[in-house]
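Below is one structure, written out as structure tokens; comments come after it.
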Amino acid sequence: MALVGRSWLLLVGFILFYVIYLLFGALIFSTIERPMEDKLRHDMEVLKKEFLNQSCVSAASLENFLLKVLAANKYGVFLIRNASATSNWDLASSMFFANTLVTTVGYGQSTPLSDTGKAFSIFYALLGVPFTMLVLTACVQRLLYPLVLAPVSLLQRSGLEPRPATAVHFVLLLFLVVLCFFVVPAAIFTKLEESWSFLDGVYFCFISLCTIGLGDFVPGMQPEQKYRTLYLGAVMVYLFLGLMMMYLLLRTFHKMSDVHGLTTMLQLPRCEDSDPDEDREPIVDHGESPQRQTEKGASNHLEPGSQVSYNTINRG
């Protein structure tokens, strides 16, 4: 009974901390962004007055024109010179949209114009999102042994205790992920996108790989950009690999938390135990005989410590 009460107390504590965290974020964002918004609004009002003073257009006509322009802009259609030279629905752009849809990144740089397109987007995402998650999970499962289990085992054989070994491995993996999927891509985006700073590139990488996808920075949207099709294809590959590594990083952190007893302390479910042999076998087994399955099970029971995994790491 005491365990159940502690579990509910932890849940209430988590919810309260979450609400406080949201309020803290709201306060910081409001403090930082509201003055910038007020300045931009003032600048736009001044620009509007200057335009009306220099032209014979009425304020009502101008507002009506701007409303239509903004409505078109919502669907990725711009009136700026050369900005609409490339269609948002050619093959490369459509594939990029499909990729952001099924990975749940959803930049929003282009959205379906027709009711048919909106209905198909629902059906397409309904099948595509879980299938994408399945593919990512299958890829991460194959990477667990070479990138997680084997390095931890190597660190332990070098003399480190289990807990320091898992911590050192996680820090090294985090460093590699940040370097290969945030710093280096940000530098590349800075070279390819003329208006992006290095901070903009890092911001885009983080927003994309966390599947937040605000849409304020979208690659390949410059008018008359060279090799645009190849560029968008490379970005799609980057998104897939980056999401895969983020998922692997989360799995590694969860496993490290198990070893350090953090999940037990917070009464959270443990990360599912993984067998290295299973990580190198197909998820769907075609044609393995019952006799082979029996032999495999017997072998696992006879040799419980024959393979290195997080299961064999002592948390003491």
Is one or more of the residues making up the range 177-195 in a helix (DSSP H, G or I), crowded, with 17+ Cβ neighbours inside 10 Å, at pLDDT below 95 and among the aliphatic types (A, V, I, L, M)? yes
Restricting attention to the range 181-230, report how many residues are closer than 28 Å to Val77 by Cβ, in contact (Cβ under 8 Å) with a residue 24 or more places away in the chain and in contact with a Gly (Cβ under 6 Å, 6 or more places away or on another chain). 4
Tally up the residues in the range 90-111 that are surrounded by fewer than 16 Cβ atoms within 10 Å (Cβ to Cβ) and more than 16 Å from Gly213 (Cα to Cα), please. 4
Could you give me the residue pairs with C-beta distances under 6 Å whose first residue belongs to the range 97-119 and is under 17 Å from Met244 (Cα atoms) and at pLDDT 90 or above, whose second residue is small (Gly, Ala, Ser) and in a helix (DSSP H, G or I) wherever it lies, and which are 6+ apart or on separate chains? Leu101/Ala125; Val102/Gly128; Val105/Ser208
Working only within the range 57-83, note down all residues that are at pLDDT below 80 and β-branched (Val, Ile, Thr). Val77, Ile80
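So which residues in the range 209-244 are among the charged types (D, E, K, R) and loosely packed, with under 15 Cβ neighbours inside 10 Å?
In the first step, residues of the range 209-244 are kept if they are among the charged types (D, E, K, R); the result is 216, 224, 226, 228.
If the condition is that a residue be among the charged types (D, E, K, R) and loosely packed, with under 15 Cβ neighbours inside 10 Å, then Asp216, Glu224, Lys226 are the ones that fit.
The values are calculated or read from the model by the stated rules, or taken from the named source; none is laboratory data. None of these values were measured; they are calculated from a predicted model. For neighbour counting, all protein chains shown are included, and Cβ atoms are generated from backbone atoms with ideal geometry for every residue, glycine included.
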